[in-house]
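Only the coordinates and a few stated rules stand behind these numbers; no lab work does. No experiment lies behind these values; they were computed from the predicted model shown. With ideal geometry, Cβ positions are generated from the backbone for all residues, glycine too; neighbour counts draw on all protein chains shown.
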Amino acid sequence: MANFNSNSMNTLSIVSTLVDAAMAFARGRKKSGLLLVGAAALSSRVPGLGTAVSLFLRLVRRFR
C-alpha cells in the first residue's frame, strides 16, 4: 500500500485542479478554466488553494 505524505497530496490536488480546468475549458467556461489554471499554479506555494477554488466554483454553479 502506498504511503501519502503532504508532498504527494499537494501534487494530487494540483493534478485534480488541472483536470477540473480542462473540463471547464471543454464545457466552454473560459473564465472558470483560467481561474482554475491560476489556482493550480499557485497551489505549489499555497497548498490546498486549487482544491478550495474548485470547490468554490462548484458551489457557485450549484446555487446560481
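In the chain, how does Rg compare with the Kirkwood Rh, expressed as the Rg/Rh ratio over alpha carbon atoms?
Taking Rh as the inverse mean 1/r over Cα pairs, Rg/Rh reads 1.03.
Taking the Cα centre of the chain as origin and charging only Cβ (+1 Lys, Arg; -1 Asp, Glu), how large is the dipole, in debye to the nearest 20?
Charge dipole of the chain: 440 debye, to the nearest 20.
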